[in-house]
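Trainee: I have a structure here, written as structure tokens, and I will follow up with some questions on it.
The values are calculated or read from the model by the stated rules, or taken from the named source; none is laboratory data. As the structure is a prediction and not an experimental result, all values here were calculated from the model. Heads up, the Cβs are rebuilt from the backbone with ideal geometry, glycines too, and the neighbour counts pull from every protein chain shown.
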Amino acid sequence: MDVESTPSPLGNSVARFLAYLAEEQRAPDNTVAAYRRDLGQLVSYAEERMGPTVGLGELDVLLLRGWLGSLARTHRSASIGRKIAAVRAMFRYLQRRRLVPGNPAAELRLPRVSRPLPTFLEPDQMAQVVESPHGESPSELRDRAILETLYGSGLRVSELRGLDLEDLDLGHEGGLGSVRVVGKGNKERVVPVGSKAVAALRRYLARRTELLKPASDPDATSALFLSRLGRRISVRHVQTLVKRYGMLGAGRVDLHPHAMRHSCATHLLEGGADLRSIQELLGHASLSVTQRYTHTTIGRLLEVYDRAHPLAGGVRRADPGPDRAGR
């Protein structure tokens, strides 16, 4: 249901909350869209059972549990948890505006969610992916710059899409650069850009204007990465090109931009970077999110241990016999 067009009191309250998220909180478009879908489902469920005039005061914990129960057969625990978070956030907002006396969603228990380990590629596989666009056309130079920046700086795809020319500092020739990123929660951070990404960005910027169109809007004029249509590149476009080069470079049909971010973090951790530095680089609000990468590296460590240690469960080393001292 399109909650922003429904005349029901409940739909109007949801629309008001969504406007607050988008306009005052400046929440990411993906977050607003997800909340719109989740709360639209709640509006549909409540109106089917209580009529089109159902209001906020009639939403109690029993109705909310019934709604979640109806979704449990077809939705994963993570999806159910997100819907609970959306309803809780809406009621908190309405409470602050004194439009509701309480928050029935606060009584809902979040489902236990098992987080899968992050997907990542080995360094040599990632190098093959990043180096796949080796042509000299403006779009191929752009693709190489995008891949180098995603992997080298660990950016989210939405952060990369939002980059403007003025956010980029390429530093000195052959050295490191930096980029100013606006991440989740509208939080800014400065992220280093490696020398290979800097070189790729310089080559792309030398041809970038060839992608601009005469009727380009001001947003395209300021955007760092442009599509062939002369517009700011879309998230879907980046996802598509990452998938294409993942197949070309590493034979991986499942590669996505977040896997490049995971690969960046995993390779930094394996190279000796500390978790706090990786947390700052990736823009994680909590260190517990960054600690997911330790599970990946510990698993790899155990594999190496099993293969190499003489007392592990793998192939045992041959008995070298007594040494020269007869021990």
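Trainee: Can you find even one residue in the range 106-117 that is within 20 Å of the chain's Cα centre (by Cα), modelled with pLDDT of 80 or more and farther than 30 Å from residue 57 by Cβ?
Mentor: no
Trainee: Here's something else I'd like to know. How many of the residues making up the range 190-227 are modelled with pLDDT under 90 and basic (Lys, Arg)?
Mentor: 1
Trainee: Checking residue 185 against (1) in a helix (DSSP H, G or I); (2) farther than 25 Å from residue 286 by Cα, which test does it fail?
Mentor: The number of the failed condition is (2).
Trainee: For residue 49, state whether it is modelled with pLDDT under 85 and of a type in the set (D, E, K, R).
Mentor: So residue 49 does not fit the description; no.
Trainee: Also, quick follow-up: Considering the range 204-219 alone, what residues qualify as being surrounded by 15 or more Cβ atoms within 10 Å (Cβ to Cβ) and either in a helix (DSSP H, G or I) or not assigned by TED's automatic domain parsing to the domain that holds residue 147 (or both)?
Mentor: Answer for the range 204-219, where residues must be surrounded by 15 or more Cβ atoms within 10 Å (Cβ to Cβ) and either in a helix (DSSP H, G or I) or not assigned by TED's automatic domain parsing to the domain that holds residue 147 (or both): 204, 205, 208, 211.
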